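Structure first, commentary second.
The values are calculated or read from the model by the stated rules, or taken from the named source; none is laboratory data. The shown structure was predicted, so the numbers you read here are calculated from the model rather than taken from an experiment. Heads up, the Cβs are rebuilt from the backbone with ideal geometry, glycines too, and the neighbour counts pull from every protein chain shown. Keep in mind that these areas ignore ligands, DNA and RNA; they rest on the heavy atoms of the full protein, side chains included. Shrake-Rupley method; radii C 1.70, N 1.55, O 1.52, S 1.80 Å.
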Amino acid sequence: MVDQQFLSVPATLRTEITLVFALVCSVFILTSAGFDTSEGSYHYAIAHQVLAEGSLSFAQPRPGTYTVAPNGRTYASHEFGNTLFLLPVAGFNIALEKALASRYDERRIGFVTGFAVSLMPVAYCALTIALFYAMLRISFEKSIATAFSCSMAFAFCTFVWTYSRNLFDGVLCMCLLTGAMVSMMQFVRTKRLRYFLVAMALCGFGIITRLSMVLLLTAFGIYLTMIFWKDRRRLIRLVLIGGAELAPFALWQVYYNHLRTGHWLMSPVMSDQYAAVNSLTGNLAVGMSGLLFSPGKSIFVYVPLALLSVVCFRRFMADYRCEAIFAAVLCGMWLILHSKMAGIWNHDWGWGPRHFVTIAPVLVLPACVEWEWIKESLWRRGLLICALTWGAILSASSIICNWHFREGLAIAQGR
């Protein structure tokens, strides 16, 4: 789907996007830990089980984010999307395990297969940066220098660099969200239906990866309504086409829910098993203040370009009204949802507000679109330098030390 869209842009622009991807991917690979310690390992285990045993579940209970279903089998608590995208690497690793089984023990083979798995978030993040560059060049008509500077700032001066080492499914959703935004903006610009179909497909994959991605669908609905308000027939037709395309994803989700919990509309992450973290019983004011201002979880600390987005949002609104409202609606809904979750902002196991990795491209978009305007004023230019410097230092700090290991060690030592 992305290939179809990729091939429709001019050859020189395709070369630019490819080079940006290659550059960022190279750096992410060189700074990769070579192994993954996130919950993505549970998603990979299901992918391995699907190909090795032809089953979505395990016969026996397993430690980790799993759920024992009414039929007695153990399923993944999280949704299937990340597992789906891990099937190719699982297939490669299964073949590798068979080839190396006679010469090496399981532990050594695990190092090799673990390295292959660790490259997946590298690919997700590098593709996100390349798509972000494409969006700036195509949808906002930025120069090569501006689009490249913004993309590098996004890659290495926010916590996106950190999460290129983490197979958290929110990282995959970030990639899907960016691709959907590029496609939807291309549809609005060209009115070619194929871009809309690509955007809806990416939304569908996002929803079966993390249920919160339904908020992206809502924001797109508002965006399209603003664009086509005077063309009601086209709007209704788009709703019908989008609904038909999303129907298979919805059918899969309700079927998968039924397998795991016995209820068509209840995912394990919505059940009592995870109520202490995921229930919407948190104090909204406390949650919002934590996600905005807490030193350990603030969006502005870990995505400092988001602060610049606030500064220049009024100008962004004047230049791109519909895109600005789309960004504001999505970020607002995302903030409210995660602020209400009981244990997200203060108990979350992550480098910063990790659930906001998914919408990081939207958080930095106003600042990147108004990049030239920011540099025109001395005080705004100073703020930009401070934000980029802080972001680079913070990101580099997480790269030279494995924060996940340090948190685990602190808990083990009772600190």
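Of the residues making up region 270-298, just one is open to solvent by less than 40 Å² (accessible area, probe 1.4 Å) and either out of contact with any helix residue (DSSP H, G or I) (no Cβ under 9 Å at 6 or more places or on another chain) or on the phi > 0 side of the Ramachandran plot (or both), namely Ala275. The requirement of being surrounded by 14 or more Cβ atoms within 10 Å (Cβ to Cβ) and modelled with pLDDT under 95 is not satisfied by Phe28. When region 363-382 is limited to residues that are touching a helix residue (DSSP H, G or I) at 6+ places or on another chain (Cβ under 8 Å) and farther than 23 Å from Gly332 by Cβ, the one that is surrounded by the most Cβ atoms within 10 Å (Cβ to Cβ) turns out to be Trp371.
Each row is one residue, and each column tells you yes or no for (1) out of contact with any strand residue (DSSP E or B) (no Cβ under 8 Å at 6 or more places or on another chain); (2) of a type in the set (Asp, Glu); (3) in contact (Cβ under 8 Å) with a residue 60 or more places away in the chain.
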position: His43; (1), (2), (3): no, no, yes
position: His48; (1), (2), (3): yes, no, no
position: Thr65; (1), (2), (3): no, no, no
position: Glu79; (1), (2), (3): yes, yes, yes
position: Phe92; (1), (2), (3): yes, no, no
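Of all residues in region 368-385 being part of a helix (DSSP H, G or I) and free of Cβ contacts under 8 Å to residues at least 24 places away in the same chain, which is nearest to Pro304 (Cα to Cα)? Restricting to residues being part of a helix (DSSP H, G or I) and free of Cβ contacts under 8 Å to residues at least 24 places away in the same chain, the top hit is Ile385. Does Gln60 satisfy the criteria of being open to solvent by 40 Å² or more (accessible area, probe 1.4 Å) and either more than 19 Å from the chain's Cα centre (by Cα) or farther than 20 Å from Val122 by Cα (or both)? Criteria met by Gln60.
Test Thr158 against the criterion of being part of a loop (DSSP other than H, G, I, E, B) and either closer than 27 Å to Glu370 by Cβ or in contact with a Cys (Cβ under 7 Å, 6 or more places away or on another chain) (or both), and give yes or no. The answer is yes for Thr158.
If you filter region 77-92 down to residues that are touching a Ser or Thr at 6+ places or on another chain (Cβ under 7 Å) and not hydroxyl-bearing (Ser, Thr, Tyr), you find that the one that is surrounded by the most Cβ atoms within 10 Å (Cβ to Cβ) is Asn82. Selection of region 161-180 for residues being assigned to a helix (DSSP H, G or I) and of a type outside the set (Ser, Thr, Tyr) yields Trp161, Asp169, Gly170, Val171, Leu172, Cys173, Met174, Cys175, Leu176, Leu177, Gly179, Ala180. Determine which member of the set Val50, Val117, Val68 is among the β-branched types (Val, Ile, Thr) and open to solvent by 70 Å² or more (accessible area, probe 1.4 Å). Criteria check complete, one pass: Val68.
Residue count for region 185-199, restricted to those that are open to solvent by 10 Å² or more (accessible area, probe 1.4 Å) and either of a type in the set (A, V, I, L, M, F, W, C) or within 16 Å of Leu246 (Cβ to Cβ) (or both): 5. The set of residues from region 43-91 being more than 25 Å from Leu176 (Cβ to Cβ) and aliphatic (A, V, I, L, M) comprises Ala52, Ala59, Val68, Ala69.
Taking the criterion of being in a helix (DSSP H, G or I), touching a strand residue (DSSP E or B) at 6+ places or on another chain (Cβ under 7 Å) and in contact (Cβ under 8 Å) with a residue 24 or more places away in the chain, would at least one residue in region 268-287 satisfy it? Yes, region 268-287 has at least one match.
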